[in-house]
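K.L.:
What follows is a structure written as structure tokens; I'll ask about it next.
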Amino acid sequence: MLLLSIILPVYNNVAYIAKAIDNYLSQSCADSELIIMDGGSSDGTVDVIAGYAKIHASITWISEKDKGQSDAMNKGIKLAKGKYISFLNVDDYYSSGCLQEVTEILTKNPSIQYLVGNCNVWNQYGDLIYVNRPSKLQKWHVFSGYHFSVNPTAYFYQKNLHAQVGYYSLTNHYTMDLEMIFRFRKVTKFHYFPKGWGNFRLLPNAKTFEDQLANQLEFRKMELVKLNLKELSFYLQLRVHLYRFRRTYLPIIVKGFYKLFDKVSFELNHFLIKKK
């Protein structure tokens, strides 16, 4: 049995498909496979995929119409021969040596079901925006909607978890990753390693980029948080709400207090100066 199955969903993205495949091949991870799920591209993407597959036996691919990204991901999972799953979106990439490092960790710790590292988030100009470090793994951290991996190139999980939680939602086209993370956290522990494994590009015309521009991403995320809170115990709901209050509203209250304190101090000093 292989250790890693890397699933690459793609549709009409000839500009990035070769870079994505090269990124996988550059990892030189013998205990892995690359499964490319093409949605019936017509821009030359299929020709690029076929050319690589003729040379590299580790590449499996299918090109057919699907019901969106989640459908392609689910099909790839069902084809996967590896114990662990990871997703490589066509415009993202793994850091150098990532798969080899992950292989060593999972081989030494076979009981780990969900392994996550850091993810670099880049803009369209190649500038680093920030580093996503999902190091806080308690349930109230994850279900608060603040602490989770922003891209699947930074995490790896056991395929058999889908037998417990089901597959990616065909009706969720934007936050299917976060929805699945919530499902996984209900049934297993997360293990964090402070390593920079994933690289997420925020590019114009990409779903996440456009969703952010339309101010919809945070709304979708919070809708998922609310939905999942209903399924949690009262104690865990309370922890999540307290954490969100401390994270979101307490800094605003403290900032307001200091502004009021500064204003009162100024007025008091002004009054004392005038009195003199």
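K.L.:
If you scan segment 194-235, which residues turn out to be modelled with pLDDT under 70, part of a helix (DSSP H, G or I) and farther than 27 Å from N120 by Cα?
P.N.:
F234, Y235
K.L.:
When you scan segment 53-67, do you find a residue that is touching a residue at least 40 places away in the same chain (Cβ under 8 Å) and within 20 Å of the chain's Cα centre (by Cα), even just one?
P.N.:
no
The rows are residues; the columns are (1) in contact (Cβ under 8 Å) with a residue 60 or more places away in the chain; (2) part of a loop (DSSP other than H, G, I, E, B); (3) polar (S, T, N, Q); (4) surrounded by 15 or more Cβ atoms within 10 Å (Cβ to Cβ).
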{"site": "E101", "(1), (2), (3), (4)": "yes, no, no, yes"}
{"site": "E104", "(1), (2), (3), (4)": "no, no, no, no"}
{"site": "V116", "(1), (2), (3), (4)": "yes, no, no, yes"}
{"site": "C119", "(1), (2), (3), (4)": "yes, no, no, yes"}
{"site": "H141", "(1), (2), (3), (4)": "yes, no, no, yes"}
{"site": "G145", "(1), (2), (3), (4)": "yes, yes, no, yes"}
{"site": "F148", "(1), (2), (3), (4)": "no, yes, no, yes"}
{"site": "Y167", "(1), (2), (3), (4)": "yes, yes, no, yes"}
{"site": "L178", "(1), (2), (3), (4)": "no, no, no, yes"}
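K.L.:
State which residue is nearest to K19 (Cα to Cα) when the search covers only segment 70-112 and only residues that are in contact with a strand residue (DSSP E or B) (Cβ under 8 Å, 6 or more places away or on another chain) and polar (S, T, N, Q).
P.N.:
N89
K.L.:
Follow-up question, since we're still on this one. Consider P251 carefully, then state whether it is modelled with pLDDT under 70 and of a type outside the set (A, V, I, L, M, F, W, C).
P.N.:
So P251 passes the test.
K.L.:
Here's another thing I want to ask about it. Tell me, which residue of segment 62-82 that is of a type in the set (A, V, I, L, M, F, W, C) and outside any helix (DSSP H, G or I) is farthest from S32 (Cα to Cα)?
P.N.:
I62
Every residue, every condition in (1) part of a loop (DSSP other than H, G, I, E, B); (2) surrounded by fewer than 20 Cβ atoms within 10 Å (Cβ to Cβ), yes or no:
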site: F156; (1), (2): no, no
site: H162; (1), (2): no, yes
site: Y174; (1), (2): yes, yes
site: F182; (1), (2): no, no
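The values are calculated or read from the model by the stated rules, or taken from the named source; none is laboratory data. Fair warning: this is a prediction, and the values are worked out from it, not measured in the lab. When we count neighbours, we look across all protein chains shown, and the Cβ atoms used for this are built from the backbone with ideal geometry, even at glycine.
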